[in-house]
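The values are calculated or read from the model by the stated rules, or taken from the named source; none is laboratory data. The structure presented is a predicted model; accordingly, all values stated were derived computationally and were not measured. Positions of Cβ are backbone-derived with ideal geometry, glycine not excepted, and every protein chain shown enters the neighbour counts. The area values use the complete protein model at the heavy-atom level, side chains included, leaving out ligands, DNA and RNA. Shrake-Rupley method; radii C 1.70, N 1.55, O 1.52, S 1.80 Å.
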Amino acid sequence: MAKLYFRYGAMNSGKSTALLQAAFNYEERGQRVVLAKPSIDTKGDAEVVSRLGVTREVNMLVDKNENLREAFLNVAAGKDPNALVQNVAAKPVAALLVDEAQFFTPKQVDDMFRIAVLDNVPVLAYGIRTDFQTVPFPGARRLLEIAHTVEELKTICRCGKKAVFNGRKVDGKFVFDGDQVAIDGVEVTYESLCGNCYLEESGGRLASDL
């Protein structure tokens, strides 16, 4: 039986880079992979974008109302509705690689689990656990609940300690109020912070205080 993996980390921990490296490793051995990302993630449009400058087009750009397993099985079988020519001789898929996994719905995460268990295709999901208020994303919460394997990708805070939180900045200043997903058109950046630096910037507040 294949497994569902959740590989998480704070911003700038190299999640997309690790995904692209995993894809390269599979394909170097002649195996086929399928890449997916949620349509809500507008960074790179239909591409996985690494901070190192490496990009790759995804096979599936998934809407929040879409049945992920059904969409995956269609792509795996060469029945991509967006393709001009259908690949009826598509080779079996060795792995499904998922970018920005926190933005998928809990139902879609359940689909990832079904793909691993029922379709025997490993699913490697990469994402972050919590938002700028330290609240779990629904998709990340579900992954933490049902993934067979949970792995942390580490990065460091500006002070040199391990970063665990994602601070949101607007116009260069930290903010701790707002929607979980940043509104398009607003200039928003993020900084990975350790617990001490996060509390220093938030005035000691965590999610229950906000």
Notebook entry, point to check: Only one of (1) of a type outside the set (S, T, N, Q); (2) farther than 18 Å from Lys37 by Cα; (3) in contact with a Phe, Trp or Tyr (Cβ under 7 Å, 6 or more places away or on another chain); (4) part of a strand (DSSP E or B) is not met by Phe174, so which one is it?
Noted result: (3)
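Can you tell me which residue in the range 48-69 is surrounded by the most Cβ atoms within 10 Å (Cβ to Cβ), limited to those that are part of a loop (DSSP other than H, G, I, E, B) and of a type in the set (A, V, I, L, M)?
Taking the range 48-69 first, the residues part of a loop (DSSP other than H, G, I, E, B) are 50-54, 58-59, 63-67.
If we keep only those that are of a type in the set (A, V, I, L, M) too, we end up with 52, 54, 58.
Working: Leu52: 10, Val54: 14, Val58: 20.
Only one residue fits best here, namely Val58.
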Check: Gly30 versus (1) within 27 Å of Val188 (Cβ to Cβ); (2) at pLDDT 85 or above; (3) of a type outside the set (Ser, Thr, Tyr); (4) loosely packed, with under 12 Cβ neighbours inside 10 Å: which is the lone unmet condition?
Finding: (1)
Notebook entry, point to check: Could you list, in sequence order, the residues of the range 91-106 that are more than 15 Å from the chain's Cα centre (by Cα) and open to solvent by 30 Å² or more (accessible area, probe 1.4 Å)?
Noted result: Lys91, Pro92
Notebook entry, point to check: Looking at the range 120-141, is at least one residue under 22 Å from Phe6 (Cα atoms), open to solvent by 60 Å² or more (accessible area, probe 1.4 Å) and of a type in the set (Phe, Trp, Tyr)?
Noted result: no
Next item on the list: Output the qualifying pairs, or none if there are none: Cβ atoms under 8 angstrom, residues six or more apart or on different chains, first residue in the range 111-136 and in a strand (DSSP E or B), second residue of a type in the set (Asp, Glu).
Entry: Tyr126/Asp99; Tyr126/Glu100; Gly127/Asp99; Gly127/Glu100
Notebook entry, point to check: Which of (1) open to solvent by 40 Å² or more (accessible area, probe 1.4 Å); (2) over 30 Å from Ala23 (Cα atoms) does Phe176 not meet, given it meets every other one?
Noted result: (1)
Notebook entry, point to check: So which of Thr149, Thr130 ends up being more than 14 Å from the chain's Cα centre (by Cα), closer than 25 Å to Ser50 by Cβ and not hydrophobic (A, V, I, L, M, F, W, C)?
Noted result: Thr149
Checklist line | From Leu206, Leu144, Leu199, residue being surrounded by fewer than 18 Cβ atoms within 10 Å (Cβ to Cβ), aliphatic (A, V, I, L, M), modelled with pLDDT of 95 or more and more than 28 Å from Phe113 (Cα to Cα) | finding: Leu199
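Which one of Asp45, Asp41 is among the charged types (D, E, K, R), more than 25 Å from Ala163 (Cα to Cα) and either part of a loop (DSSP other than H, G, I, E, B) or out of contact with any helix residue (DSSP H, G or I) (no Cβ under 8 Å at 6 or more places or on another chain) (or both)?
Asp45
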